[in-house]
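*Asks:* Handing you a structure now.
The values are calculated or read from the model by the stated rules, or taken from the named source; none is laboratory data. Keep in mind that what you see is a predicted model, and the values were worked out from it rather than measured. Backbone-built Cβ (ideal geometry, glycine too); neighbour counts: all protein chains shown. Keep in mind that these areas ignore ligands, DNA and RNA; they rest on the heavy atoms of the full protein, side chains included. Shrake-Rupley method; radii C 1.70, N 1.55, O 1.52, S 1.80 Å.
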Amino acid sequence: MPCQSSDELKALVEEARNCTKNGKVADYIPALGKAREDDLSIAIHYPDGRCLSAGDIEKKITLQSISKVISLALVLMDRGQDDVFKHVGMEPTGDPFNSIVKLETMAPTKPLNPLINAGALVVTHMINGDTVKERIQRLLVFVQELTKDATIRYCEEVARSEFETSYLNRALCYFLKQHKMIAENTDIEQLMELYTMQCAIEMNCLNLARIGLVFAMDGIDPQSGKQIIPADIARICKTFMVTCGMYNASGEFAIKIGIPAKSGVSGGIMGAVPGKFGIGIFGPALDEKGNSIAGIKLLELLSKNYKLSMF
Ligand code: GLN
């Protein structure tokens, strides 16, 4: 058991909160710019149902890039590994999450991994379903099952705000369509609708920690005993979280913290400590690579104090 009480966790949150002043809230998606820079909260979800938390944990955040792990799990279940990995690779990039550069310099064109924007757009275009509505609904039902919370929806304001300003993501899509990594019959505006809805799926830290817990327990919901994600797919997702989950800071994160984790530009981080527990963090002030600055500090304190590194 890493942390025995919420008071212990509160002390760590206050220590980590100091560094929020060195970060900046993302505003390239205009609606995200409204977040409070000094917010910081965390929830830890254990397999026996217990939950520890600190900070304003009821505050809702949008998943942004954290959603990429979830859509990957769903698409691996929908299409199987062979089909998915024909369209997206397994290697980290060392580039920022929204970079277009490797798509042109590498031949054949194929996004290096599913957690950069180019790869995530390819994965999202592979979610089964006939319409945008049907496909977002399938993803939402999956998220509701992972969180055990049937009220989970996407935030229309954030989805619209990104849809209206997402020129670079549109450019990635057209590039990928030209090179047949996105199917020729794909309507890119509809794909952007689906992707921005996916990124705007909204939840609190407790929900986020619960998703982390299912990944930590190899895809099993420890309360019901149900295998929600096949173990092999949960393993693949966790491996990507280690190699690519914190964008081009994943190597340093693995050395300093050593926990499979995925961040988003909303300031969320989902952690999955294998076999032990799930973590959900919200801290919207970001570092220069787009990761929650205080969230990383908090994970560093937790990992050191409780020896959580898997390495
Ligand atoms: N929706 C965001 C985007 O596509 C997600 C990126 C992120 O969280 N890093 O730009």
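*Asks:* Looking at region 178-188, is at least one residue surrounded by fewer than 24 Cβ atoms within 10 Å (Cβ to Cβ), assigned to a helix (DSSP H, G or I) and away from the ligand (no atom under 16 Å from the Cβ)?
*Replies:* Taking every residue of region 178-188 in turn, at least one turns out to be surrounded by fewer than 24 Cβ atoms within 10 Å (Cβ to Cβ), assigned to a helix (DSSP H, G or I) and away from the ligand (no atom under 16 Å from the Cβ).
*Asks:* So, D95, is that one part of a loop (DSSP other than H, G, I, E, B) and of a type in the set (D, E, K, R) or not? Let's see the steps before the verdict.
*Replies:* Numbers: part of a loop (DSSP other than H, G, I, E, B): yes; of a type in the set (D, E, K, R): yes.
Spelling it out, D95 is indeed part of a loop (DSSP other than H, G, I, E, B) and of a type in the set (D, E, K, R).
*Asks:* Here's a follow-up. For region 28-38, which residues satisfy the criterion of being open to solvent by 80 Å² or more (accessible area, probe 1.4 Å) and either within 12 Å of the ligand (Cβ to nearest atom) or assigned to a strand (DSSP E or B) (or both)? Spell out how you get there, then give the answer.
*Replies:* Residues of region 28-38 open to solvent by 80 Å² or more (accessible area, probe 1.4 Å): 28, 34, 36-37.
Y28 - this is the single residue of region 28-38 that is open to solvent by 80 Å² or more (accessible area, probe 1.4 Å) and either within 12 Å of the ligand (Cβ to nearest atom) or assigned to a strand (DSSP E or B) (or both).
*Asks:* Also: What are the residues in region 118-137 that are among the polar types (S, T, N, Q) and within 16 Å of the ligand (Cβ to nearest atom), if any? Please lay out each step first, then the result.
*Replies:* In the first step, residues of region 118-137 are kept if they are among the polar types (S, T, N, Q); the result is 124, 128, 131, 137.
Answer for region 118-137, where residues must be among the polar types (S, T, N, Q) and within 16 Å of the ligand (Cβ to nearest atom): just T124.
*Asks:* Go through (1) more than 16 Å from the chain's Cα centre (by Cα); (2) assigned to a helix (DSSP H, G or I); (3) without any contact (Cβ under 8 Å) to a residue 24 or more places away in the chain for E288 and report which single condition fails.
*Replies:* Exception for E288: condition (2).
*Asks:* From the list T151, T196, T165, which residue is of a type in the set (S, T, Y), modelled with pLDDT of 95 or more and either in contact with a Leu (Cβ under 7 Å, 6 or more places away or on another chain) or away from the ligand (no atom under 16 Å from the Cβ) (or both)?
*Replies:* None of the other options fit; the residue is T151.
*Asks:* While we're looking at this one, here's another question. Would you point out the residue of region 102-124, among those that are part of a loop (DSSP other than H, G, I, E, B) and without any contact (Cβ under 8 Å) to a residue 60 or more places away in the chain, that is surrounded by the fewest Cβ atoms within 10 Å (Cβ to Cβ)?
*Replies:* Let us first name the residues in region 102-124 that are part of a loop (DSSP other than H, G, I, E, B), namely 106-116.
From what is left, the residues that are without any contact (Cβ under 8 Å) to a residue 60 or more places away in the chain are 106-107, 112.
Details: M106: 13, A107: 7, L112: 21.
Selected residue: A107.
*Asks:* Residue under question is I127, and the condition is that it be open to solvent by less than 10 Å² (accessible area, probe 1.4 Å), assigned to a helix (DSSP H, G or I) and among the aliphatic types (A, V, I, L, M); does it hold?
*Replies:* Working: open to solvent by less than 10 Å² (accessible area, probe 1.4 Å): yes; assigned to a helix (DSSP H, G or I): no; among the aliphatic types (A, V, I, L, M): yes.
Considered against the rule, which asks whether it is open to solvent by less than 10 Å² (accessible area, probe 1.4 Å), assigned to a helix (DSSP H, G or I) and among the aliphatic types (A, V, I, L, M), I127 comes out as no.
*Asks:* Something else now. Of everything in region 251-294, what is under 16 Å from C205 (Cα atoms) and basic (K, R)? Give them in sequence order.
*Replies:* K262
*Asks:* Another question, then. Among the residues that make up region 121-131, is at least one of them β-branched (V, I, T), modelled with pLDDT of 95 or more and over 26 Å from P230 (Cβ atoms)?
*Replies:* Taking region 121-131 as the starting set, the residues that turn out to be β-branched (V, I, T) are 122-124, 127, 131.
Subsequent filtering for residues that are modelled with pLDDT of 95 or more retains 122-124, 127, 131.
Those still in the list that are over 26 Å from P230 (Cβ atoms) too: 131.
Scanning region 121-131, I find at least one residue that is β-branched (V, I, T), modelled with pLDDT of 95 or more and over 26 Å from P230 (Cβ atoms), so the answer is yes.
*Asks:* On to the next question. Does any residue in region 190-201 that is in contact (Cβ under 8 Å) with a residue 60 or more places away in the chain and of a type in the set (D, E) come within less than 7 Å, Cβ to Cβ, of a residue that is assigned to a helix (DSSP H, G or I) and more than 8 Å from the ligand (Cβ to nearest atom) six or more places away or on a different chain, and which pairs are these?
*Replies:* E193/V132; E193/F163
*Asks:* Within region 249-272, track down each residue that is on the phi > 0 side of the Ramachandran plot and more than 12 Å from the ligand (Cβ to nearest atom). Let's see the steps before the verdict.
*Replies:* We begin by selecting, within region 249-272, every residue on the phi > 0 side of the Ramachandran plot; these are 258, 267.
Listed by number, the list holds a single entry, G258.
*Asks:* While we're here: Please go through region 211-248 and give me each residue that is more than 16 Å from the ligand (Cβ to nearest atom), open to solvent by less than 10 Å² (accessible area, probe 1.4 Å) and at negative phi, ordered by number.
*Replies:* Scanning region 211-248 gives G212, L213, V214, F215, A216, D221, I229, A234, C237.
*Asks:* Do we find a residue being charged (D, E, K, R) and buried (at least 24 other Cβ atoms within 10 Å of the Cβ) anywhere in region 251-263?
*Replies:* First pass over region 251-263, keeping only residues charged (D, E, K, R): 252, 256, 262.
If we keep only those that are buried (at least 24 other Cβ atoms within 10 Å of the Cβ) too, we end up with 262.
Yes - at least one qualifying residue is present in region 251-263.
*Asks:* Continuing with the same structure: Kindly establish whether I44 is within 16 Å of the ligand (Cβ to nearest atom), modelled with pLDDT of 95 or more, closer than 22 Å to P222 by Cβ and surrounded by 15 or more Cβ atoms within 10 Å (Cβ to Cβ).
*Replies:* Numbers: within 16 Å of the ligand (Cβ to nearest atom): no; modelled with pLDDT of 95 or more: yes; closer than 22 Å to P222 by Cβ: yes; surrounded by 15 or more Cβ atoms within 10 Å (Cβ to Cβ): yes.
For I44, the condition - within 16 Å of the ligand (Cβ to nearest atom), modelled with pLDDT of 95 or more, closer than 22 Å to P222 by Cβ and surrounded by 15 or more Cβ atoms within 10 Å (Cβ to Cβ) - is not met.
*Asks:* Would you check if T93 is at pLDDT below 95, more than 16 Å from A272 (Cα to Cα) and open to solvent by less than 40 Å² (accessible area, probe 1.4 Å)? Show your work before the answer.
*Replies:* Working: at pLDDT below 95: yes; more than 16 Å from A272 (Cα to Cα): yes; open to solvent by less than 40 Å² (accessible area, probe 1.4 Å): yes.
Criteria met by T93.
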